[in-house]
Amino acid sequence: SPSYLIVIMLLSCLMARIGISKSHDVFSSNLQALDTAPEPSHDPSAIASASQDFGLIVKSVPQAVLFPSSPQDIASFIQSNYNSPAPSTIAARGNSHSIRGQAMARNGIVVNMTSMNENPNRIVISPDRKYADIGGEQLWIDVLDVTLRSGLSPVSWTDYLYLTVGGTLSNSGISGQTFRYGPQISNVFEMDVITGKGDLVTCSPNSNSDLFYAALGGLGQFGIITRARIPLEPAPKRVKWIRMLYSNFTAFSKDQELLISKNERDDNNALNYVEGSLLLNQGSLDGFFPPQDQPKIITFISEFGIIYSLEIVKHYDDQTNATVEKDLQQLLKGLSYFPGFLFEKDVEYIEFLNRVRSEELVLRSKGLWEVPHPWLNLFIPKSRMADFNDGVFKDIVLQRNLTTGPLLVYPMNRNKWDDRMSASIPDEEIFYTVGFLLASGFDNWQTYDDQNMAVLQFCQNAGIEVKQYLPDYTTKDDWSRHFGPKWNAFQQKKQQFDPKFLLSPGQSIFNS
Ligand code: FAD
């Protein structure tokens, strides 16, 4: 009847508005009919911005930049490049938040993924609300925004949300949720990947699984991710957000490890996020700590030189509002933080997830965001963390006193990672990530890099088998050591999916 039709039409409009679709048509319809390959742009300003990244340390000038409007554009461009007599290297550029030129292509072609953002509806929630199909070019902040409108959310995040889905899935995508939900690469049902030959392949654990696992943590070597199907869960409304301070590393790490041991995905009593960081004599603290408490914290830091800050979050909503405090007390019982040094906030879920954005805006206003970032990110086996604390935090870091930026330290559970994926992690059940997320001036970033070298040298001398996260290696030996037992398979899959070694040359794995 006409009224039935009107209801259907209204429902479809509503579903489109809030991002729910009957299928992932919007993705597949883009893939019909192979056109002629699109022409990349030689516009000097496009080339200039594709020559740098967030790190502002490396500069590699491409010959041109492709602005695709659909995955089909990318597939036909790669196919025609592959078949040309002198093919160019090709780098997908997500939001270019790499540190060392990983998304660049010297004399090659940079594919500016975010130009597909102009194509609407590339974040589509499934009718059963269990997942979203998301364009590889989409920023996680936009994913959050769209899914929250339907009361849903992905479960595994990065600290900062202005990164693309394809960019973080090519690394791992880690944060305080990783201990319980796994990294972002453990939270993907299916992907569309365009290989180095220009084939668009839909892959999942059950279909084309070779490519699926290769691309997750694959550093862009096997193909360009144009769609990822990401699981969703009901979003919480608010979070309890707590930091506890320790003067003693052993007590700090023991408590972190205790808190991540309760990590069943569907255990409503487990924490949702566990991280940690070092507080050093920086003269000021970030805005988390109440202004009236800051003087006592600064005194505490000067007394010990280093203070360890354990950070946790517990989600809650209308149903759990009444019990969240009690559950938290239960979880925090017996922890050995310094008495009187627990600080708590109660904020909206989105405010917590998007927390780094407010820091970014402050730094931008002071001209301190677009500066060199000589970062070093490591994965360290738990059994060597005490040695790392003594040799690196208490020696190298304290002596050099380079304190412009956060220094993160938190543990994760290996069993939340899938060994079939390309990502390489330490061979221990619990391992830590340490991130030296420092910002420098344009004329002194080498001083910071010297500290990075000293850290790596210390680990080598002490026999601590660290893996770099967001790795920056330049020799085949280093890459082979990094991937360890996965190196042979990594090379074979490169032959299979990118036989001319064209993709993601900025990682310097196969193109030095
Ligand atoms: P890009 O830098 O553009 O690309 C990274 C690599 O992936 C390149 O090799 C590129 O060629 C390839 N690539 C890009 N898009 C695709 C695609 N669609 N398909 C295949 N390959 C592709 N990481 C974490 O895990 N956790 C964090 O908490 C975290 N916080 C960060 C905070 C800041 C302020 C910054 C700058 C970075 C942070 N990172 C974090 C690191 C970040 O995840 C990586 O740098 C990531 O690569 C950035 O995404 P991007 O979209 O900018 O990728």
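The values are calculated or read from the model by the stated rules, or taken from the named source; none is laboratory data. Everything quoted here is computed from the prediction, not taken from an experiment. Positions of Cβ are backbone-derived with ideal geometry, glycine not excepted, and every protein chain shown enters the neighbour counts.
So here's what we get for this one:
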{"quantity": "Filter result for residue 147 (of a type outside the set (Asp, Glu) and within 14 Å of the chain's Cα centre (by Cα))", "calculated": "no"}
{"quantity": "Candidates 442, 436 - the one that is of a type outside the set (D, E, K, R) and either on the phi > 0 side of the Ramachandran plot or within 16 Å of the ligand (Cβ to nearest atom) (or both)", "calculated": "436"}
{"quantity": "Positions within the range 473-492 being within 21 Å of residue 427 (Cβ to Cβ) and within 16 Å of the ligand (Cβ to nearest atom), in sequence order", "calculated": "473, 479, 482, 483, 490"}
{"quantity": "Hits in the range 188-201 (condition: surrounded by fewer than 24 Cβ atoms within 10 Å (Cβ to Cβ) and under 20 Å from the mean Cα position of the chain (by Cα))", "calculated": "189, 190"}
{"quantity": "Residue in the range 169-191 that is in contact with a Cys (Cβ under 9 Å, 6 or more places away or on another chain) and hydrophobic (A, V, I, L, M, F, W, C) present", "calculated": "yes"}
{"quantity": "The one condition in (1) out of contact with any Ser or Thr (no Cβ under 6 Å at 6 or more places or on another chain); (2) surrounded by fewer than 23 Cβ atoms within 10 Å (Cβ to Cβ) that residue 125 fails to fulfil", "calculated": "(1)"}
{"quantity": "Which numbered condition residue 101 fails, given (1) touching a residue at least 40 places away in the same chain (Cβ under 8 Å); (2) near the ligand (Cβ under 8 Å from one of its atoms); (3) not in a helix (DSSP H, G or I)", "calculated": "(2)"}
{"quantity": "Selection from the range 202-251 of residues that are over 22 Å from the mean Cα position of the chain (by Cα), closer than 23 Å to residue 171 by Cα and assigned to a strand (DSSP E or B)", "calculated": "202"}
{"quantity": "Subset of the range 55-87 that is over 18 Å from residue 115 (Cα atoms) and crowded, with 20+ Cβ neighbours inside 10 Å - its residue that is nearest to the ligand (Cβ to nearest atom)", "calculated": "55"}
{"quantity": "Number of the condition not met by residue 116 [criteria: (1) in contact with a Gly (Cβ under 8 Å, 6 or more places away or on another chain); (2) outside any helix (DSSP H, G or I); (3) over 16 Å from residue 500 (Cβ atoms)]", "calculated": "(2)"}
{"quantity": "Residues of the range 272-306 satisfying the condition of being part of a strand (DSSP E or B) and either among the hydroxyl-bearing types (Ser, Thr, Tyr) or closer than 13 Å to residue 397 by Cβ (or both)", "calculated": "273, 277, 278, 279, 280, 306"}
{"quantity": "Residue count for the range 147-158, restricted to those that are more than 19 Å from residue 216 (Cα to Cα) and either near the ligand (Cβ under 9 Å from one of its atoms) or crowded, with 20+ Cβ neighbours inside 10 Å (or both)", "calculated": "3"}
{"quantity": "Residue tally, condition polar (S, T, N, Q) and crowded, with 17+ Cβ neighbours inside 10 Å, over the range 442-465", "calculated": "2"}
{"quantity": "Yes/no for residue 506 being more than 30 Å from residue 110 (Cβ to Cβ), modelled with pLDDT of 95 or more and not assigned by TED's automatic domain parsing to the domain that holds residue 386", "calculated": "no"}
{"quantity": "Among residues of the range 407-418, those that are surrounded by 19 or more Cβ atoms within 10 Å (Cβ to Cβ) and not aliphatic (A, V, I, L, M), counted", "calculated": "4"}
{"quantity": "Test: residue in the range 175-182 that is more than 8 Å from the ligand (Cβ to nearest atom), among the hydroxyl-bearing types (Ser, Thr, Tyr) and either crowded, with 24+ Cβ neighbours inside 10 Å or outside the structural domain of residue 36 (by TED's automatic domain parsing) (or both)", "calculated": "yes"}
{"quantity": "Residues located in the range 294-337, provided they are without any contact (Cβ under 8 Å) to a residue 40 or more places away in the chain, among the hydrophobic types (A, V, I, L, M, F, W, C) and over 22 Å from residue 233 (Cα atoms)", "calculated": "298, 301"}
{"quantity": "Flag if residue 186 is more than 11 Å from the ligand (Cβ to nearest atom), of a type outside the set (A, V, I, L, M, F, W, C) and either touching a strand residue (DSSP E or B) at 6+ places or on another chain (Cβ under 9 Å) or closer than 19 Å to residue 418 by Cβ (or both)", "calculated": "yes"}
{"quantity": "Answer residue from the range 497-508, given it is buried (at least 23 other Cβ atoms within 10 Å of the Cβ) and farther than 21 Å from residue 203 by Cβ and is farthest from the ligand (Cβ to nearest atom) among those", "calculated": "505"}
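One line per residue, one yes/no per condition, for (1) under 20 Å from residue 175 (Cα atoms); (2) surrounded by fewer than 17 Cβ atoms within 10 Å (Cβ to Cβ):
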{"residue": "346", "(1), (2)": "yes, yes"}
{"residue": "349", "(1), (2)": "yes, no"}
{"residue": "354", "(1), (2)": "yes, no"}
{"residue": "357", "(1), (2)": "yes, yes"}
{"residue": "361", "(1), (2)": "no, yes"}
{"residue": "364", "(1), (2)": "no, yes"}
{"residue": "370", "(1), (2)": "no, yes"}
{"residue": "379", "(1), (2)": "yes, no"}
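Per-residue answers, yes or no, for (1) touching a strand residue (DSSP E or B) at 6+ places or on another chain (Cβ under 8 Å); (2) of a type in the set (A, V, I, L, M, F, W, C); (3) on the phi > 0 side of the Ramachandran plot:
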{"position": "226", "(1), (2), (3)": "yes, no, no"}
{"position": "240", "(1), (2), (3)": "yes, no, no"}
{"position": "260", "(1), (2), (3)": "yes, yes, no"}
{"position": "268", "(1), (2), (3)": "no, no, no"}
